[in-house]
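The values are calculated or read from the model by the stated rules, or taken from the named source; none is laboratory data. Because the structure is a prediction, the values reported are computed rather than measured. With ideal geometry, Cβ positions are generated from the backbone for all residues, glycine too; neighbour counts draw on all protein chains shown.
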Ligand code: NAD
């Protein structure tokens, strides 16, 4: 028996005993779809500091940097496709085992794989809001605005970063003419919660309510270093509900897990769904 098989048998047995799961996913589940994570398996931060919510709201140069990097980085997320881990969770939901899927990812790959009961905890990158009139624009529309207002392109090296971001030089970012709301010319912000921002209370309450009804919490592909995800592990512990981790690396909740499975999410969840559904 290989280690994926062993982990999958353990997870199947756990799900049979705890049939109503809340699942929490993080960047690791989308790594096989070509979207990089922030931290590696040891929990070490891999990239430069991400944009902070307050800086985005207050500083035009920060917004310029964000939109320049997103102009070249958006196609990576837009064109990413779900991998076997996303499909397996959709299959487990259809089979009745997943009560709610909370994702910290903003890439919408769970919905594209067929999951229906999903909370996008940190929002979704395929939508953009006007900070003045609150109108919602499709991200692809904003890509057109970026192209129309900037009659140049950057052909230098582009390193892909998490969250639809790429690394490009500062002087290139400064050339960007910002996209503006087509209706009121207001500033635009992706419909995501940046680092340092807070998740809307009602969104958290929906997740907490579901956790109270569930038998257990299954966390897949998250280092759980961000409090916004980690709080669900703490709440599960307070409620006396077991926490299961699927992660080949270290997480902040390792010491509270009933079960820690270190096989990669794709093969492990695919085999688990195959056995259970
Ligand atoms: P993280 O970058 O802190 O941690 C990623 C984790 O994934 C690591 O613990 C790593 O060991 C694990 N991992 C890597 N490959 C895996 C695999 N095949 N199977 C299972 N686990 C694997 O990610 P995080 O905890 O989600 O926190 C970072 C924040 O960044 C989140 O708030 C999220 O919103 C955001 N983010 C989103 C995306 C996305 O939408 N795809 C991508 C990067 C970051």
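Among the residues of the range 211-233 satisfying the criterion of being in a loop (DSSP other than H, G, I, E, B) and in contact with a helix residue (DSSP H, G or I) (Cβ under 7 Å, 6 or more places away or on another chain), which is nearest to residue 96 (Cα to Cα)?
221
Within the range 148-189, how many residues turn out to be in contact with a helix residue (DSSP H, G or I) (Cβ under 8 Å, 6 or more places away or on another chain) and without any contact (Cβ under 8 Å) to a residue 40 or more places away in the chain?
So the answer is 3.
Does the range 198-216 contain at least one residue that is modelled with pLDDT under 95, within 15 Å of the ligand (Cβ to nearest atom) and either buried (at least 21 other Cβ atoms within 10 Å of the Cβ) or more than 24 Å from residue 41 (Cα to Cα) (or both)?
yes
Please count how many residues of the range 234-274 are assigned to a helix (DSSP H, G or I) and either more than 25 Å from residue 5 (Cα to Cα) or more than 14 Å from the ligand (Cβ to nearest atom) (or both).
10
May I ask you to verify whether residue 145 is more than 16 Å from the ligand (Cβ to nearest atom), part of a strand (DSSP E or B) and either modelled with pLDDT of 90 or more or within 24 Å of the chain's Cα centre (by Cα) (or both)?
Answer is no for this residue.
State all residues of the range 94-111 that are touching a strand residue (DSSP E or B) at 6+ places or on another chain (Cβ under 9 Å) and either more than 22 Å from residue 190 (Cα to Cα) or not in a loop (DSSP other than H, G, I, E, B) (or both); if no residue qualifies, say none.
Hits for the range 94-111 are 97, 98, 99, 100, 101, 102, 103, 109, 110, 111.
May I ask you to verify whether residue 65 is assigned to a loop (DSSP other than H, G, I, E, B), over 16 Å from the mean Cα position of the chain (by Cα) and either within 16 Å of the ligand (Cβ to nearest atom) or surrounded by 20 or more Cβ atoms within 10 Å (Cβ to Cβ) (or both)?
no
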